[in-house]
Amino acid sequence: MAHDQTTGAGATSDEAIKTYVMGLQNAHALEKQAIQLINRQLERIDHYPEVAAALRKHHAETEGQIGRIEAMLHELGSDASKLKDLATQMAGNLAALGHTVMPDEILKNHFANCAFEAFEMATYKSLIAMARTTGHAAHVPMLEANLREEEATFQTLQGMTADLSAKFLQRIGAGQKADR
């Protein structure tokens with residue numbers, strides 16, 4: 001059942017708008033975390049150029065996403081939260097570090113990347129609803145652009161899961177280094 005999401009009790013209240021701004025700040029921090037995860041993984045990938053190519057492509061997209069979020073925050077008279085950005089970047093580095101000791105590091109990173117992309121997609125779907133509900137429909141195209149990139153990356157990653165797993169096992173079977 002469709003209804004006008006730009007109106008309703010409290011939809012444009014100061015609290016609702018503050019919550020939307022906080023959501024954008026959280027998304028900014030999430031994308032900063034993604035950059036750290038990607039960078040750490042790219043530093044370690046040795047035998048999986050297809051994974052490295054997908055990560056490099058998404059790194060460039062993520063930089064664009066950060067720029068779009070910053071533009072929306074600026075328009076709302078706000079900025080990214082430096083504390084949130086720092087905390088999530090540290091978390092991203094620690095998460096990537098956690099997989100480095102695993103004999104199947106490439107697979108663990110791949111599974112985590114798929115989960116991270118799903119989290120980002122949910123984040124952008126929520127922000128799109130918030131933008132509409134708080135009267136910031138002009139932000140929807142930028143948020144939808146971010147969502148489309150996350151969906152495409154998710155599909156790319158999902159599409160390589162079987163081949164990546166098989167290649168990992170083939171490398172092990174051939175006595176080759178397979179972890180990264």
> How many residues does the stretch 52-68 hold that are farther than 22 Å from residue 110 by Cβ and β-branched (Val, Ile, Thr)?
Replying inline: 1
> Looking at the stretch 66-88, which of its residues are among the β-branched types (Val, Ile, Thr) and either more than 18 Å from the chain's Cα centre (by Cα) or modelled with pLDDT of 95 or more (or both)?
Replying inline: 66, 69
> Just checking, which of 38, 17 is modelled with pLDDT of 95 or more, of a type in the set (A, V, I, L, M, F, W, C), surrounded by 14 or more Cβ atoms within 10 Å (Cβ to Cβ) and over 23 Å from residue 87 (Cα atoms)?
Replying inline: 17
> Can you find even one residue in the stretch 123-139 that is among the small types (Gly, Ala, Ser), out of contact with any Gly (no Cβ under 6 Å at 6 or more places or on another chain), crowded, with 17+ Cβ neighbours inside 10 Å and assigned to a helix (DSSP H, G or I)?
Replying inline: yes
> Hey, does the stretch 24-44 have a residue that's assigned to a helix (DSSP H, G or I), of a type in the set (A, V, I, L, M), over 30 Å from residue 179 (Cα atoms) and touching a residue at least 60 places away in the same chain (Cβ under 8 Å)?
Replying inline: yes
> Among the residues of the stretch 96-108, is any within 13 Å of the chain's Cα centre (by Cα) and part of a helix (DSSP H, G or I)?
Replying inline: no
>> Any residue at all in the stretch 74-95 that's closer than 25 Å to residue 47 by Cα and surrounded by fewer than 15 Cβ atoms within 10 Å (Cβ to Cβ)?
In response: yes
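The values are calculated or read from the model by the stated rules, or taken from the named source; none is laboratory data. Note that the structure is predicted; figures quoted are calculated from it, not measured. Note that each Cβ is placed from the backbone with ideal geometry, even for glycine, and that neighbours are counted across all protein chains shown.
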